[in-house]
Amino acid sequence: MTKHLVLLPGLDGTGELFAEFVAALPKTISTKIVSYPVKEFLSYADLRPLVIAAIPKSEPFLLLGESFSSPLAVELAATRPSNLVALIICAGFVSRPLGAWSPLARALAWPWLFKLNPPRFLMEYLSTGQDAPQALMEKARQVRRSVSPAVMCGRSREVLACDARQALARVSVPMLCVSGTEEHLLASSCLKEMKRIKPEMFIAEIAGPHMLLQREPKKAAEIVSTFMDNLRI
C-alpha cells in the first residue's frame, strides 16, 4: 500500500535540498514536495493556502515540516484535516527559535545580510555540520543564491516572530520530532517547549547538525519510515 508524505521545506523554500532524503525513503512512500516562491515573500498565513492546495484531498497522508516550515505544519495540523494521519517535525520549533535572542535577531535582520556569502566555518557550525561534503556546501550555497535576499529576510523575520504554541496544543494526530544532537542554530529550549506542550510526542535524535535530512538522509529516512510503519496505514 502506497503511503503519502507531503514535505514542507526549510528557509530557502525551494524543496531542492530534500533530494537525498526522498531518494532514501522506501518506494512504498509517495512524496510531494511543496515549493515556495523565490522572488515573492509570503507570510505563514499567505503560504497556508498554497500548502492546502498541495495536500491530498482524500488519501491519508503525513505532513513533514522542516525548520522554517515547522510552525506552518503545526498550524495546518491544528485545523485537523480529516485525512491527516500524523505530523513530523524536523529541526523544528513553535516559537522563539533563538530563545531570548530572537527579538534582537529579528531587529537586526535586513536584506543586505542575505546578500553576503557566509564563510564555510559559519555554515558548518550553524547548519551543515563539521566536515560537510563539498557537494552539500555548494548545493546549499546555490539554493540560497536562487532566493531573493528580501524573501530570505522576510522569512527570517517571520520565523523570529512566530508563535504556534497554541496550535501545537490542538494537534490531535501522532507526532514525531526529529532532532540533531549537534544542533547549533536553534535554542535548546525549542525541543523542550514542544515536549512540554505535547508530552506524548515521539522524539528521535540523530547525531547531526541542523540540516539533518541533508547530512544524514538514510538515518532520517529510516526513522520516518519506521514511524509510518508503526502507524499501520
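Miscellaneous remarks
- In the set (1) in contact (Cβ under 8 Å) with a residue 12 or more places away in the chain; (2) outside any helix (DSSP H, G or I); (3) surrounded by 12 or more Cβ atoms within 10 Å (Cβ to Cβ), Arg141 fails one condition alone, (2).
- Only one entry of Val22, Val6 meets the criterion of being open to solvent by 30 Å² or more (accessible area, probe 1.4 Å), of a type in the set (A, V, I, L, M), touching a strand residue (DSSP E or B) at 6+ places or on another chain (Cβ under 6 Å) and not in a loop (DSSP other than H, G, I, E, B), and that entry is Val22.
- In the stretch 167-215, of all residues being assigned to a helix (DSSP H, G or I) and among the polar types (S, T, N, Q), the one that is least open to solvent (accessible area, probe 1.4 Å) corresponds to Gln214.
- Beta carbons closer than 6 Å, at least 6 apart along the sequence or on distinct chains, pair a first residue in the stretch 54-66 that is surrounded by 14 or more Cβ atoms within 10 Å (Cβ to Cβ) with a second that is of a type in the set (S, T, N, Q) for Pro60/Asn83.
- Candidate set from the stretch 91-128 (those that are in contact with a His (Cβ under 8 Å, 6 or more places away or on another chain) and at pLDDT below 95); member that is most open to solvent (accessible area, probe 1.4 Å): Tyr125
- Among residues of the stretch 129-138, those that are under 20 Å from Ala207 (Cβ atoms) and either open to solvent by less than 90 Å² (accessible area, probe 1.4 Å) or modelled with pLDDT of 95 or more (or both), counted: 5
- Of all the numbered requirements in (1) without any contact (Cβ under 8 Å) to a residue 40 or more places away in the chain; (2) buried (at least 21 other Cβ atoms within 10 Å of the Cβ); (3) part of a strand (DSSP E or B), Leu47 misses one, and that requirement is (3).
The values are calculated or read from the model by the stated rules, or taken from the named source; none is laboratory data. Computed from a prediction, not measured in an experiment: that's the story for all the values here. Cβ: placed from backbone, ideal geometry, glycine included. Neighbour counts: every protein chain shown. Calculation scope for accessible area: heavy atoms of the full protein, side chains included, ligands and nucleic acids excluded. Shrake-Rupley method; radii C 1.70, N 1.55, O 1.52, S 1.80 Å.
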